[in-house]
Every structure is written in C-alpha cells, then in structure tokens.
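Undergrad: Okay, here's the structure, questions in a sec.
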Amino acid sequence: MVEVPESHTGWTFVTNHARVLAAIADNPNIRIRDIAARCRLTERAVQRIISDLEQDGYLSHTRDGRTNTYRIQPDQVLRHPAEAGLTVASLLSLLVQDETDRGRRGSVREGRR
C-alpha cells in the first residue's frame, strides 16, 4: 500500500491550479468545500484559484440557486511556453485518468472490486 505523504511546504509536481481544475473536471457541480478537502487546500485558496482560472478564460460558472455548475474551456492552451500547443483537455486527460487509476488500484489492493 502506498503511504499518503504528510502536508509540507515546497514544490510539487502538480500545481494547485491543476488540482482544482481536475476536481472540477471530475464533478462540474462540486462544492468549494469539497474541492478544498480533495486538494488539501483552504476554501479561500480554492476561491482564489477559481477566480484566477475564470479571469484567464479557463473556467466559467453558472449559479442555480445555491449550486454552481462549472464549465471548463477544454480548447484553451496552457500558459507556459514549454507547453505551447497543449490544451487544457490534454492536461486533464492525464490528471483525471490518474485519479481514476489511483481509485481503482486502491480498491484492488483493499480487496474491493
């Protein structure tokens, strides 16, 4: 079984913005509280990240009562010059698949299929 690392400061391979975007891709109606728990961030940090993503055109939302429904713009290109030509969809295909695989491997390890 793979141990979950403790919380730490410093660099990581996947940015918080990518983690939040992947959580939204997995569930477009997800609550900020649930994104925060899943990504191990504060709710305020998630709000700032969502605001960043909306300001730069990667994400939009509609409000229906107390529920937000997020819409990701999959054809938006990634910001870093080294990723020129890669889209949000290509990033999410890696991240969302990883989450699916991780969940499946955990179920098999624990004897639940």
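The values are calculated or read from the model by the stated rules, or taken from the named source; none is laboratory data. Since the model is a prediction, treat every value here as computed from it, not as a measurement. All Cβ positions, even for glycine, are placed from backbone atoms using ideal geometry, and neighbour counts span all protein chains on display.
Undergrad: Filter the range 23-70 for residues that are touching a strand residue (DSSP E or B) at 6+ places or on another chain (Cβ under 7 Å), part of a strand (DSSP E or B) and of a type outside the set (F, W, Y); which is surrounded by the fewest Cβ atoms within 10 Å (Cβ to Cβ)?
TA: Residue satisfying both the conditions and the ranking: T62.
Undergrad: Name the single residue, out of those in the range 71-82 being among the aliphatic types (A, V, I, L, M) and part of a strand (DSSP E or B), that is surrounded by the most Cβ atoms within 10 Å (Cβ to Cβ).
TA: So the residue we want is I72.
Undergrad: Next question, about the same structure. Pairs, please: C-beta under 6 Å, at least 6 apart or cross-chain, first residue within 13 Å of P28 (Cα to Cα) and of a type in the set (A, V, I, L, M) and in the range 51-66, second part of a helix (DSSP H, G or I) and at pLDDT 95 or above?
TA: L59/L53
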